[in-house]
Amino acid sequence: MTRQVLPPIPEKDAFKIGEASTLVGVPAHVLRFWEREFPSLRPRKSPSGHRLYARGDVVLLRHIRTLLHDRGYTIAGARGLLAEGPDALEAALAARPVEAANALEEARDRLSELEAAQARLEEQHRQGERALARAREEAAFWRASTLRAERALTALRARVLDEVAGLEVDLGVDSGVDSGQTP
C-alpha cells in the first residue's frame, strides 16, 4: 500500500462534501459512512441541506483516514482511540505505519523461508558428502579386491606354468616354455 499525499487544507471555514472528500482522499460516500460510525464527526448542514465540514472536521477526517488506512485500525478501534482523547490519538498517529510493519513482517517471513532453504541445502550437502565418502570406500574396496584377484591370477598362472614345465620334463618334451616366462 503506498501512502497517498494529501493536498494542504485551504484557509476556509467550511467545506462541501466534495471538497472534504478531495482533502481527505476518500470518496464522499465514505465520509457519509464515517459520520454514522464516529460520533465526534458531525458536520453542520447548510440552509439547502448540504453537509458543510468545518476545518476541524477535515482534520479529524484525515486522522480517521490515517488510523484506518495507514495504521491498520478497525473502525471500532479508531472510534475507541478517539474517545480516549487527544493524547492517545497523537500517540497512535506517531506510531509506525501498517505498511512499514507489513514490509517488516514480509521481510521476516522471507528471511525464515531463506533460512529454511539454507538448512535444506546444507542437509543435502551433508547427504552428498556421506554418499561420496561411501562411494570412495566402495571404490577402494573394489580396487583392493581387483589387486588381490590379479595377484591370485598371477600366482595361479605361475603354478600352471610350473606344472606344465614339470610335465614336459617327465614326458621328455621340450615345448620351449620356460616356467618363469609368461606367454
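The values are calculated or read from the model by the stated rules, or taken from the named source; none is laboratory data. If you're wondering where the values come from, they're calculated on a predicted model, not measured in any experiment. Heads up, the Cβs are rebuilt from the backbone with ideal geometry, glycines too, and the neighbour counts pull from every protein chain shown.
Annotations
- Against the criterion of being of a type outside the set (V, I, T) and touching a helix residue (DSSP H, G or I) at 6+ places or on another chain (Cβ under 6 Å), L60 does not qualify.
- If the condition is being buried (at least 16 other Cβ atoms within 10 Å of the Cβ) and β-branched (V, I, T), then segment 46-70 contributes V58, I64, T66.
- Test: residue in segment 106-117 that is modelled with pLDDT under 85, surrounded by 10 or more Cβ atoms within 10 Å (Cβ to Cβ), outside the structural domain of I64 (by TED's automatic domain parsing) and under 22 Å from the mean Cα position of the chain (by Cα): yes
- Of all residues in segment 71-101 being at pLDDT 85 or above and hydrophobic (A, V, I, L, M, F, W, C), the one that is surrounded by the fewest Cβ atoms within 10 Å (Cβ to Cβ): A76
- Total residues in segment 4-18, condition closer than 13 Å to R62 by Cα and either free of Cβ contacts under 8 Å to residues at least 12 places away in the same chain or of a type in the set (K, R) (or both): 2
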